[in-house]
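Working notes for the structure below.
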Amino acid sequence: MNQFLALTSFGIEQLLADELKQLDASDVVQKPEGVYFSSTLENAYLICLRTRLASRVLLAISEPVPIKNKDDLYNAASAITWPNHFSAEKSFAVDFVGKNQAIRDSQFGALTVKDAIVDSFRDQGQVRPNVEKFQPDVRFQARLLRNAVTFYLDFSGRSLFARGYRDNTGAAPIKENLAAAMVIRSGWLNDINQPLIDPMCGSGTLLIEAISMAAGLSPGVDRKYWGFEGWQQHDAELFNSLLESEGQANQQRLTDCDIKVYGFDSDQRVLKTARINAKNAELSDFIEFKPGRAENLVNPFKATGHILFNPPYGERLGSLPELVSTFTELGKLFKQRFLGWHVALITSNIEMLALLKLASHKRYKFKNGPLDCQMALYHIDQAQIERTPEVSISDKDDNAFANRLRKNIKTMKSWLKQHNVNCYRIYDADIPEYNVAVDIYDDHLVIFEYAPPKSIDAKKASERLQEVIYFAPRVLDVSADKVVVKVRAKQKGKNQYQALNKAKKTLVVREYNALLKVNLWDYLDTGLFLDHRKTRQLVAKKSKGKRVLNLFAYTGSVSVQAALAGAEAVTTVDMSKTYLEWAKDNFELNGLRGHKYQFIQADCLAWLAENNQQFDLVFIDPPTFSNSKRMTNTFDVQRDHIETLVMAMKAVAPGGELIFTNNKRNFKMDFDALAAHGLQAKELSAQTLDIDFKRNKHIHNSWSITRQ
């Protein structure tokens, strides 16, 4: 009997142990690192062909050997007769797992074992075998656990869960062995004659695994690579005989199978992928894929059955607003149309489960890739319908947030008619319990969640946010796929500009006679500071026929308004190449071209120190704080504002003016220090707050700086 270790993903270990027992493995022992078992070579081949839950099967080629340091590891590896396991003509690779006080790096451990293997061949007068990291003929693994190392042959080869039928996946791929575990945990296999529906089927993995398991197919039959193929003791004749036998059995089982399952998805492209994957798995006849949204799912079956799905999690894909809406509606739909059915789903966004307003009778923890997930099981019985939990979001017609939003719309109605603006703020934490800002960008909606204080219960804050996400698009008549949700915690330095996603989508909005590009998806800020709308108009009114300088220009919206107002020349300076290119795009959108518009990429303060040009109007909107690596020193607007203004005024021509703004709450202008430099300041903050920011008088402050 040989000793093996089967590896799998977190949460699947117990199921794998049960599966190995069913596959006639002996001495099955589940441990945190995997499942140990004993088997003959023949049955080990069959286990590799038949397992659905293992991600890898390793064959032990040594007993555990205590080690303390590198020399112990080298000696333990040298004690193995490696030519008994592969020939010098074969390439090999070594993986190292684990650490102790002396061996803390996996590469260091793997290199030590590799050296021992190579030296073993040389000591026996053989040619040195080649190392191949990516596609070796044979792969070994050294596992260091509790200061003892055990050496294994990678018997099955990597990614045993890959069945070979997936040419493509949907946006939220799930590994086949996790899909198989979900099918088992759902309970459908206990009665495969019951209907099975996946209302968000994506690329079809759950349904393909379900049919394959129900038919009793061996998933490894079509696998192209096996780790044992380069092993000296591999019995190719035996394995090929078993492979042929399992292949024939699969064909017979497919012939005998008369089960049908059903998958729905709202994305036709994803459904096309699902159909291709099912065809590759030779299971097209057993799965019916149809277009349809989960919220519109109907029940055409007379018998009760199972609903099993893997919805988007709202982390890497999909839209949180769509998820909130979907989960809220699904909970009601299940109770209305699927009485007596069993529902099972997996998610890493555990808070979404509360929106179903259902009581789960079992939950299992899994990992889907790097994400910690829970699989929740529900039985839609009469008790689920009769239980009276807190009212569903969708039933709160008198929701305070929704009512305030309606009131704000009414208040701003006449203002919107008078102004040629389609981007504005409609709500800004008006009600403390709903601590968010809601901005309109043409037909899109951006919800900024302010980080709740520690005194606020996290669960309650999450529920409030879900209400905002549910009601805002409905009250404002915006489709959920055009809603963007962002968390706007207090930021320092360049963090406020760091990318959130990689959507690389843009939208063109209108502000009076200017067209401006915004990106609602990739950054915390969108590329247009809405609270500076009147500030931009103020600069524009002062710009006609003048030379204008815009410092810390960001995406150049102030420069665009100045140019459209008839500025003689506009110079735009910013440290970021990305934002400077964005500014150029904004100029191009408005047909502003020519040599009188200059764009300079530079540290604004360093540029000012060397500048010898003068301008009639200078606009400067520095960050509250910056520690950018591209700046010589850190910058703090309260600490450094006098030095900055004095330096900037050197660029102001006689009779000229400097407009200075910043967003530091409770900013204090040092009038005495200004006067000492022959300068005076007049506050413009009240003049530069438009109607949609009157509720937040401290959002920014503005000043006119001139010479005395």
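Quick one: of Lys272/Lys459; Lys335/Lys365; Lys335/Lys410; Lys417/Lys584, which pairs are farther than 32 Å apart, Cα to Cα? Going by Cα-Cα distance, Lys272/Lys459; Lys335/Lys410 fall outside the 32 Å limit.
DSSP bridge analysis restricted to the chain gives an antiparallel fraction near 60%, rounded to the nearest 5.
Sparse packing (at most 16 other Cβ atoms within 10 Å of the Cβ) combined with a DSSP loop state is found for the following trypsin sites (Lys or Arg not before Pro) in the range 525-592: Lys544.
Short to long, the 5 Å bins of the Cα pair-distance histogram for the range 2-154 hold 2, 9, 18, 20, 18, 16, 11, 5, 1, 0 percent of all pairs.
Here Lys577 is the anchor, and the lysines within straight C-alpha reach of less than 17 Å, apart from those fewer than 8 places off in the same chain, are Lys494, Lys504, Lys517, Lys629.
Partners of Lys133 within straight-line reach, counting lysines whose Cα lies under 18 Å from its Cα and excluding those fewer than 8 residues away in the same chain: Lys90, Lys114.
Between Ser203 and Gly170, the built amide H atoms are under 5 Å apart, and every one of these is 5 or more places off in sequence or on another chain. With the convex hull of the Cα atoms taken as the outline of the range 499-626, the averaged projected area works out to 7.7 nm².
Rg/Rh, computed from the Cα trace of the chain with Rh as the Kirkwood radius, has the value 1.08. Dipole magnitude for the chain: about 2800 debye, using +1 per Lys or Arg Cβ and -1 per Asp or Glu Cβ, origin at the Cα centre. Within a straight-line Cα-Cα reach of under 19 Å, Lys682 can be paired with the following lysines, leaving aside sequence neighbours fewer than 8 residues apart in one chain: Lys534, Lys541, Lys542, Lys650, Lys664, Lys668, Lys697. Each principal axis of the Cα cloud of the range 529-707 was evaluated for its coordinate range; sorted largest first, these ranges are 43, 39, 35 Å.
Values quoted throughout were computed directly from the atomic coordinates according to the rules given, and no laboratory measurement underlies them. On a predicted model such as this, the values are computed, not experimentally measured, just so you know. Counting neighbours? That spans all protein chains shown, and the Cβs are built from the backbone with ideal geometry, glycine included.
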